[in-house]
1. On the given criteria, is LEU146 under 17 Å from the mean Cα position of the chain (by Cα) and open to solvent by 20 Å² or more (accessible area, probe 1.4 Å)?
2. In segment 32-57, how many are part of a helix (DSSP H, G or I), open to solvent by 10 Å² or more (accessible area, probe 1.4 Å) and closer than 21 Å to GLN74 by Cβ?
3. In the list SER133, SER110, SER119, SER126, which residue meets the criterion of being within 16 Å of the chain's Cα centre (by Cα) and not aliphatic (A, V, I, L, M)?
4. Against the condition open to solvent by 70 Å² or more (accessible area, probe 1.4 Å), touching a helix residue (DSSP H, G or I) at 6+ places or on another chain (Cβ under 8 Å), within 25 Å of PHE168 (Cα to Cα) and modelled with pLDDT of 95 or more, how does PRO63 come out, does it pass?
5. How many residues, within segment 121-139, are touching a strand residue (DSSP E or B) at 6+ places or on another chain (Cβ under 9 Å) and open to solvent by 10 Å² or more (accessible area, probe 1.4 Å)?
6. Any residue in segment 128-156 that is free of Cβ contacts under 8 Å to residues at least 60 places away in the same chain sitting within a Cβ distance under 9 Å of a residue that is among the basic types (Lys, Arg) and in a helix (DSSP H, G or I)? List the pairs, counting only those 6 or more apart or interchain.
7. Looking at ALA86, ALA101, ALA77, which is the one that is of a type in the set (A, V, I, L, M) and within 19 Å of HIS292 (Cβ to Cβ)?
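The values are calculated or read from the model by the stated rules, or taken from the named source; none is laboratory data. In this text, all values refer to a predicted model and were calculated from it rather than measured experimentally. Every residue, glycine as well, gets a Cβ built from its backbone with ideal geometry; the counts of neighbours run over all protein chains shown. These accessible areas exclude ligands, DNA and RNA; they are computed on the full protein's heavy atoms, side chains included. Shrake-Rupley method; radii C 1.70, N 1.55, O 1.52, S 1.80 Å.
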Amino acid sequence: MSRVRILDGGMSRELIRLGAELRQPEWSALALLETPQIVYQVHADFIEAGADVITTNSYALVPFHIGEERFQTQGPALAALSGRLARQAAGAYPDRDVLVAGSLPPIFGSYEPQLFDPSRVQEYLSVLVAELSPYVDVWLGETLSLIAEGEAVRTAVAASGKPFWISFTLADDNETLASDTPRLRSGETVADAARWAAGSGAAALLFNCSRPEVMASAVRTAAAVLSDLGSPLEIGVYANAFETDDTDGGANETLHGTRDDLTADRYSAFACEWVESGATLVGGCCGIGARHIHRLAEQLRT
């Protein structure tokens, strides 16, 4: 089995756990404005738990959360701060080879493929890329609902000289769970996304911010496509812990409930299935905390 690298978990619930105040519309961006030391501590906690990769707290640095005017006036400085905090946390563990992933979110809204605007997306992504670039080792386009969002990330980072990972969020309703065809939230198939990723220049294809139950099928489908194409892309998974009836609306529109049944041991059991199906990058998204990552590291690190 290939070595499994452990990703970190969800930022926002850990911020709350450590005492940061989060409210809409700013959400996790508010911690950069008011309690950046807690952002640093979340990164450190994930590293202590065993994460090999930590992700910048730049996901909410989009107009949906901080507003158009604030994005233009404060967005660059906040993006740079998110990168600097992650870099400082990684650097505090010189005996560990911890990578910093630069989070590039869906600019026009999570779970909102119909809102994607190709004519404006680079206007926003270019700010995040410019400010994060000094601090990150790899780009992570995450929670992307359609292939065009992945292509936008590829374009945005092309001149940076750094590798990039693309992570799609999956349809995870009960109908999809019962289907043999895993799909993105846009309705595009995972097979088509994998074919696109194989030719995109990405270093990894991941799936995130969906129920753990839909991930194994996506990994198996992607692994089969990539194998047929002779592609060396890594595959990764970081699922969320949202309650099953809380995933219909846009992510971060409100404080979603989280599942009581998704203990560290149960999440780790899901992760073992993902690894057996072909994943080599495993972590957690919304509601998956440091205790889950600690258990993953115990279970999966070889």
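1. On the way: under 17 Å from the mean Cα position of the chain (by Cα): yes; open to solvent by 20 Å² or more (accessible area, probe 1.4 Å): yes.
Yes, satisfied.
2. So the count comes out to 6.
3. Answer to the check: SER110.
4. On the way: open to solvent by 70 Å² or more (accessible area, probe 1.4 Å): no; touching a helix residue (DSSP H, G or I) at 6+ places or on another chain (Cβ under 8 Å): yes; within 25 Å of PHE168 (Cα to Cα): yes; modelled with pLDDT of 95 or more: yes.
Against the criterion (open to solvent by 70 Å² or more (accessible area, probe 1.4 Å), touching a helix residue (DSSP H, G or I) at 6+ places or on another chain (Cβ under 8 Å), within 25 Å of PHE168 (Cα to Cα) and modelled with pLDDT of 95 or more), PRO63 does not qualify.
5. Taking segment 121-139 first, the residues touching a strand residue (DSSP E or B) at 6+ places or on another chain (Cβ under 9 Å) are 125, 128-129, 132-133, 135-139.
After this cut, where a residue has to be open to solvent by 10 Å² or more (accessible area, probe 1.4 Å) as well, the list is 129, 133, 135, 137.
Summing the residues that are touching a strand residue (DSSP E or B) at 6+ places or on another chain (Cβ under 9 Å) and open to solvent by 10 Å² or more (accessible area, probe 1.4 Å) in segment 121-139 gives 4.
6. PRO134/ARG84; PRO134/ARG87; GLY141/ARG154
7. On the way: ALA86 fails: within 19 Å of HIS292 (Cβ to Cβ); ALA77 fails: within 19 Å of HIS292 (Cβ to Cβ).
The conditions single out ALA101.
Residue by residue, here is whether (1) modelled with pLDDT of 95 or more; (2) open to solvent by less than 10 Å² (accessible area, probe 1.4 Å); (3) touching a His at 6+ places or on another chain (Cβ under 8 Å) holds:
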residue	(1), (2), (3)
SER160	yes, no, no
LEU177	no, no, no
ARG195	yes, no, no
PRO212	yes, yes, no
MET215	yes, yes, no
